[in-house]
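Asker: Next up is a structure, given as structure tokens.
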Amino acid sequence: MRIVVLVKQVPDTSDVRKLDLNTGLLDRDAGEPIVDEINERGLEAALRYKDDNKGTEVVVLSMGPENAIKSIRKALSMGADSGVHIVDDSLAGADALVTSLAISKALERTGYDLVVAGNESTDGNGGIVPAMISERLGIPLLGFLVNMEITEAQVSGERQGDDGTANVHAGLPAIVTVTERFDYARFPNFKGIMTAKRKPVDTVTLAELGVDAAEVSSLDRTEVISAVERPARTAGTKIDDDGTAAATLVEYLATNRLV
């Protein structure tokens, strides 16, 4: 079985995250780039299946600039067998539509039985790309799972919703998205770090995926019209209790539609 785990490099959530006010895009140099934690949890689920099923191959696939190779190498040091890195200048600022197109083409090229992704990235929080990939590839999607069981023929799990829990399953090939209910990822050991340097990473462009850059440019992609810096926080309203504090507080809450 071949399991492909989608990995995204994002700015460290513990650092300051901000937009580039000139482009309206995320400033990826503002913080240290890391593997998105939700993707690490998905990778851990794939690796645990591989631990018990030795014929399993785990491939990590990432779309991003050249330095995203660092995140791919980390995933390889954790236990993945190989990587695929989509790199193309025309993908700069790609939205969900363009991203799903490129990843879908890469999946077709790589081959897969199961695709594992996070339910949403920490830098975009869109959560729509896996569904778009599912539609492009014509495979079932089991989204927002809280646990997962994989067999040679199908994948199943529980999905937690506002109205309760649903038990869902789908035949392979399929795509799933995991949530933070999945376990934390394992730490790379010394052997894993050393062997990761020798594991293969296939670096591909859009042309090599059979996608014309002009086609990408012609898509009705999301465009940021303008971006402004968030204004600095101002001091709140101070109420001195001179006997009318309760009435003043009620008036303030009502005026600001807080009650």
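The values are calculated or read from the model by the stated rules, or taken from the named source; none is laboratory data. The model shown is predicted, which means the values in this text are computed figures rather than measured ones. Neighbour counts run over all protein chains shown; Cβ positions are idealised from the backbone, glycine included.
Asker: Would you point out which residue out of A174, A213, A196, A170 is under 29 Å from L6 (Cα atoms) and touching a Lys or Arg at 6+ places or on another chain (Cβ under 8 Å)?
Answerer: So the residue among A174, A213, A196, A170 that is under 29 Å from L6 (Cα atoms) and touching a Lys or Arg at 6+ places or on another chain (Cβ under 8 Å) is A196.
Asker: Just checking, which of V176, V216 is of a type in the set (V, I, T), outside any helix (DSSP H, G or I) and either touching a residue at least 24 places away in the same chain (Cβ under 8 Å) or over 24 Å from G83 (Cβ atoms) (or both)?
Answerer: Within the list V176, V216, the selection yields V176.
Asker: Also, I was wondering about something else. Please pick out the residue among A117, A96, A92 that is modelled with pLDDT under 95, among the hydrophobic types (A, V, I, L, M, F, W, C) and touching a helix residue (DSSP H, G or I) at 6+ places or on another chain (Cβ under 6 Å).
Answerer: Only one candidate passes the filter, namely A96.
Asker: Hey, can you tell me all the residues within the range 105-117 that are of a type outside the set (F, W, Y) and either over 20 Å from V84 (Cα atoms) or not in a helix (DSSP H, G or I) (or both)?
Answerer: G111, D113, L114, V115, V116, A117
Asker: For the range 153-172, state whether one or more residues are assigned to a strand (DSSP E or B) and under 28 Å from D12 (Cβ atoms).
Answerer: Yes, some residue in the range 153-172 is assigned to a strand (DSSP E or B) and under 28 Å from D12 (Cβ atoms).
Asker: Checking E135 against (1) closer than 30 Å to S90 by Cβ; (2) of a type in the set (D, E); (3) touching a Lys or Arg at 6+ places or on another chain (Cβ under 8 Å), only one condition comes out false. Which one?
Answerer: So E135 meets the others, but not (3).
Asker: Pick from T203, T195, T248: which is among the β-branched types (V, I, T), touching a strand residue (DSSP E or B) at 6+ places or on another chain (Cβ under 7 Å) and outside any loop (DSSP other than H, G, I, E, B)?
Answerer: T203
Asker: Which residues, taken from the range 221-246, are out of contact with any helix residue (DSSP H, G or I) (no Cβ under 8 Å at 6 or more places or on another chain) and either surrounded by 10 or more Cβ atoms within 10 Å (Cβ to Cβ) or polar (S, T, N, Q) (or both)?
Answerer: Residues satisfying the conditions are V224, S226, A227, T234, T244, A245, A246.
Asker: Of these, G127, G143, G111, which one is under 30 Å from L21 (Cβ atoms) and surrounded by fewer than 22 Cβ atoms within 10 Å (Cβ to Cβ)?
Answerer: G127
Asker: Could you pull out the residue among P11, P65 that is surrounded by fewer than 21 Cβ atoms within 10 Å (Cβ to Cβ) and modelled with pLDDT under 95?
Answerer: Step by step, each of P11, P65 is checked, and only P65 is surrounded by fewer than 21 Cβ atoms within 10 Å (Cβ to Cβ) and modelled with pLDDT under 95.
Asker: Out of the residues in the range 167-189 meeting the condition of being among the aliphatic types (A, V, I, L, M) and touching an Asp or Glu at 6+ places or on another chain (Cβ under 8 Å), tell me which one is farthest from R136 (Cα to Cα).
Answerer: Among those that are among the aliphatic types (A, V, I, L, M) and touching an Asp or Glu at 6+ places or on another chain (Cβ under 8 Å), it is A185.
Asker: V16 fails exactly one of the following numbered conditions: (1) part of a loop (DSSP other than H, G, I, E, B); (2) at pLDDT 95 or above. What is the number of that condition?
Answerer: If we test V16 against (1) part of a loop (DSSP other than H, G, I, E, B); (2) at pLDDT 95 or above, just (2) comes out false.
Asker: So, of the residues in the range 118-152 that are more than 15 Å from the chain's Cα centre (by Cα) and assigned to a strand (DSSP E or B), which turns out to be farthest from R2 (Cα to Cα)?
Answerer: Only one residue tops the list, namely V146.
Asker: Residues that are surrounded by 14 or more Cβ atoms within 10 Å (Cβ to Cβ), modelled with pLDDT under 95 and closer than 28 Å to E108 by Cα: does the range 213-220 have at least one?
Answerer: The answer is yes, given that some residue of the range 213-220 is surrounded by 14 or more Cβ atoms within 10 Å (Cβ to Cβ), modelled with pLDDT under 95 and closer than 28 Å to E108 by Cα.
Asker: Still on this model: Does the range 25-36 contain any residue that is free of Cβ contacts under 8 Å to residues at least 60 places away in the same chain, in contact with a Ser or Thr (Cβ under 9 Å, 6 or more places away or on another chain) and either among the aromatic types (F, W, Y) or within 21 Å of P130 (Cβ to Cβ) (or both)?
Answerer: Yes, the range 25-36 has at least one match.
Asker: Please specify each residue of the range 194-212 satisfying the condition of being of a type outside the set (D, E, K, R), surrounded by 15 or more Cβ atoms within 10 Å (Cβ to Cβ) and closer than 26 Å to R48 by Cα.
Answerer: A196, V201
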